[in-house]
Amino acid sequence: METKILKPDDLNIMLCAKRLKEGELVAFPTETVYALGAIATDADAVKKVFEVKKRPLDKPLIVAVASKSDIQKVVKSIPDKAQVLIDKFMPGALTLVLDRADIIPDVVTAGSDSVAVRIPDNEVAKKLIALSGAPVVVPSANTADKPSPTLSSHVKDDLDGQIGYILDGGASDIGIESTIVDARTEPPTVLRAGGVSVEQLKKAIGEVKTKREETKPKYMPNAEVMFSAYYDGMTDNICARYDNIVKSGKTAVIICLDSSRASYGNRKVYTVGSNYRDYAHNLFAMLRKADGEHYDAVIAEGVKPDEDLADSLVARLIKLSGGIII
Ligand code: TXA
Ligand code: MG
């Protein structure tokens, strides 16, 4: 099958909705990362998602709907705090885990009686889901060994020949995945810190539990990834580590904010922008670039705790590095 990247005009969105209704898979942009969609109520279509992504069947999928009123169709009930979060953050980079309604088949949730639901804040995604007339699963459109795709070309790199169409929405606005909150616990539990920061959640509903995410890397770029703790003198430590790697005959690149660029002199550097939103926006693309340019090692700057998105970035850096902190 040839994989075509399509302009996201109305005709192409209609074409993709038709494909979904026929039980096929389509990749499309969301504001977090690109999604690999299938109709969530079509168990056979959903099974293909697991195959194409090489994903174990025990890892459940997120379901997307096009509007707040459609959330009720996929869940049994909405607790008060969940409603506050829906009103405040949806559409957006928040996924809520709630009691699953019967129309969602077992394969989507890996047999769990809960379902994870979100509304993407992206016009192409919303139009596509609305036109398909059903909830759509929205896992990231990468294979299990790669970071989430933030460009249509990343999707093509990973899934070429396996799906018919990728709707092209340019670079993902946020660049890291949604924040997942289990709203069935009291207080609600953050299962994955992502595009909505833990600070934002606390402001909306008060206390939240946070669960330590696994440190085992889910995907591993070819380069060895390490990241620095955040402290005064961090840049000196990164320089020393970089120089050691280079001395041993390997190549390395540093991922840093614009503001610390000068500290690295003429070492190889990818700058990610001026703040942590920019860092999140560019991180996955930079890792793919480092692989493309065959670096042996990537050293990512640490992030200052308690700043916007710091938790979300640290969670990803831990996962990507397998916990290698310098
Ligand atoms: O931003 C995002 O959420 C992206 C965009 C494309 O929607 N999707 C995404 O999906 O990151 P994926 O499949 O790469 O990650 C989904 C995560 C997995 O860690 C999975 O275990 C968790 O969501 N998940 C899904 N359903 C769940 C459930 N019922 N209970 C707990 N965790 C769940
Ligand atoms: Mg993923």
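Worth pointing out:
- Once the Cα atoms are used to define both axes, helix 43-53 deviates from the longest principal axis of the chain by about 10 degrees.
- Shape class of the stretch 1-139 from the alpha-carbon gyration tensor: oblate, with a/c at 1.5 or above and b/c at least as large as a/b.
- Per-residue HN-Hα couplings for the stretch 105-112 [Karplus 6.51, -1.76, 1.60; θ = phi - 60°; Hz; x = Gly/Pro]: x, 3, 4, 5, 9, 6, x, 6
- Cα extents of the stretch 32-94 along the three principal axes, largest first (Å): 36, 25, 20
- Applying the Karplus relation 6.51 cos²θ - 1.76 cosθ + 1.60 with θ = phi - 60° to the stretch 307-321 yields 3J(HN,Hα) values of 7, 3, 6, 4, 4, 5, 5, 4, 4, 6, 5, 4, 5, 5, 8 Hz, where x marks Gly and Pro.
- Positive-end ranking of L131, I176, V208 along the dipole of the stretch 120-217, with charges on Cβ about the Cα centre, is headed by V208.
- Modelled FRET efficiency - R0 35 Å, I324 with A204, Cβ distances, 0.05 increments: 0.55
- Degrees, to the nearest 10: 234-247 long Cα axis against longest axis of the chain: 80 degrees
- Normalised contact order of the stretch 222-326, rounded percent, pairs of Cα under 8 Å and 6 or more residues apart: 44 percent
- Of the accessible area of the stretch 1-141, computed with a 1.4 Å probe over protein heavy atoms only, carbon and sulfur atoms account for 52 percent.
- Hydrodynamic radius of the stretch 118-184 by the Kirkwood approach over all distinct alpha-carbon pairs: 13.4 Å.
- Built amide H within the under 5 Å cut-off of I255, gap 5+: Y270, I299, A300, E301
- FRET efficiency, H294 to K47 (Cβ-Cβ, R0 51 Å, nearest 0.05): 0.90
- The chain: relative contact order in percent, alpha carbon pairs under 8 Å with at least 6 residues between: 20 percent
- Computed over the stretch 270-326, the convex hull of the alpha-carbon atoms projects to a mean area of 3.9 nm².
- In this structure, the amide hydrogen of I5, modeled 1.01 Å from its nitrogen in the peptide plane, lies closer than 5 angstrom to those of I166, counting only residues at least 5 positions away or on a different chain.
- Among D99, D80, D160, the largest mean-square fluctuation in a Gaussian network model of the chain, built with springs joining Cα atoms closer than 10 Å, belongs to D80.
- The chain - charge dipole about Cα centre, Lys and Arg +1 at Cβ, Asp and Glu -1, debye rounded to 20: 280 debye
- Extension gain, D102 to L257, is 51.1 nm, computed as 0.36 nm per intervening residue step minus the present C-alpha separation.
- Ellipsoid fit via the Cα gyration tensor, the stretch 230-326: semi-axes of 20, 15, 13 Å, each the root of five times an eigenvalue, largest first.
- Diagonalising the gyration tensor over the Cα atoms of the chain and scaling each eigenvalue by 5 before taking the square root yields semi-axes of 34, 24, 16 Å, largest first.
- Max mean-square fluctuation residue, GNM over the chain, Cα-Cα springs under 10 Å, options A130, A229, A262: A262
- For the stretch 72-85, 3J(HN,Hα) computed residue by residue from phi via the Karplus equation (6.51, -1.76, 1.60; θ = phi - 60°) reads 4, 6, 10, 10, 7, 8, 10, x, 4, 5, 4, 5, 4, 5 Hz, glycine and proline entered as x.
- Across the chain, the longest piece that holds none of the GluC sites (Glu not before Pro) lying in DSSP loops with up to 14 other C-beta atoms within 10 Å covers 23-206.
- A cut-off of 5 Å between modelled amide H atoms, ignoring neighbours fewer than 5 places along the same chain, links I62 with V138.
- Rounded, prolate or oblate (a/c below 1.5 giving rounded, otherwise prolate when a/b exceeds b/c) for the stretch 1-68 by Cα gyration tensor: prolate
- Once the Cα atoms are used to define both axes, helix 123-132 deviates from the longest principal axis of the chain by about 30 degrees.
The values are calculated or read from the model by the stated rules, or taken from the named source; none is laboratory data. All figures in this text were calculated on a predicted structure; none of them were measured in a lab. With ideal geometry, Cβ positions are generated from the backbone for all residues, glycine too; neighbour counts draw on all protein chains shown. Heads up: the accessible areas ignore ligands, DNA and RNA and are worked out on the full protein's heavy atoms, side chains in. Shrake-Rupley method; radii C 1.70, N 1.55, O 1.52, S 1.80 Å.
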